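Following: one structure in structure tokens, then a few remarks.
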Amino acid sequence: MIILKGTKQEMASAGQVSSQVELREVYLTNLQAWNRFDQLPDRDQPIKVKYSNPAGVHEITASNMLLIRSAIVVTGIIDDGDEEITPEREQELMVLRIEVEFSAEFDMPPGEIPKEIREIGLKAFAKLNGPYICMPYLRQEITNLAGHMKLSLPPLPTLKIQPEREEETKQLANSDSQLEEE
């Protein structure tokens, strides 16, 4: 399960945006895939499959539409038995990479967008709701592509949106203030 966490303020702001926008369309914006299975010494060799967290980014278009992009990356590496693999070693062992990105367009209400919504709400909506809205499309595209590649991938994890615990929020705030001091 992939867990998308947001502060109470982010969740409330995302909810405000959600009640004011209307989904217009969702479409594929990027699809990249490659495999190096021909380089495997044994085609039945076990492969570890990892899914990245879907990231959501947003922008307001010139025609006052909210555009959210959400992507997920699937990687497959040869299972050599090591629990800890360095990034360099992971690149050597990688035999599969699938990157899929979908965009969702939303109609915005007419008029000026309040400052709080512009600064917090849209970012929170993209972070929490964007991946959630795009996930069925991402899942379908990855499953379809894996089928064409004759791969049997484990199911794409489900998404869950949950509030950050207060301790996590405090730790993030402390680490941010420490970074600003340095």
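The values are calculated or read from the model by the stated rules, or taken from the named source; none is laboratory data. Please read these numbers as outputs of a predicted model, since none were measured by experiment. Note that we place each Cβ from the backbone using ideal geometry, even for glycine, and neighbour counts take in every protein chain shown. Heavy atoms of the whole protein, side chains included, go into the accessibility calculation; ligands, DNA and RNA do not. Shrake-Rupley method; radii C 1.70, N 1.55, O 1.52, S 1.80 Å.
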Mind ranking 13, 19 by accessible surface for me, highest first, 1.4 Å probe? 19, 13
Straight-line reach from residue 115: which lysines have a Cα under 17 Å away, not including same-chain ones fewer than 8 places off? 123
Taking only the alpha-carbon positions of the chain as identical scatterers, the Debye log10 I(q)/I(0) at q = 0.13 Å⁻¹ comes out as -0.80
Most mobile listed residue (11, 149, 65) in the chain, GNM with C-alpha springs under 10 Å: 149
So residue 86 and residue 34, fully extended at 0.36 nm per residue minus their Cα-Cα distance, gain in nm 16.6 nm
Across 48/127; 127/160; 8/160; 48/160; 5/160, pairs whose alpha-carbon gap is larger than 19 Å: 48/127; 48/160
Within the chain, which complete DSSP H helices have Cα atoms spanning at least 20 Å along the helix axis and a mean Kyte-Doolittle hydropathy of -1.0 or higher? 130-148
In the stretch 62-167, GluC sites (Glu not before Pro) in a DSSP loop with at most 15 other beta-carbon atoms within 10 Å: 83, 84, 112
I need the calculated FRET efficiency for the pair residue 44 and residue 3, taking r as the beta carbon distance and R₀ as 22 Å, to the nearest 0.05. 0.10
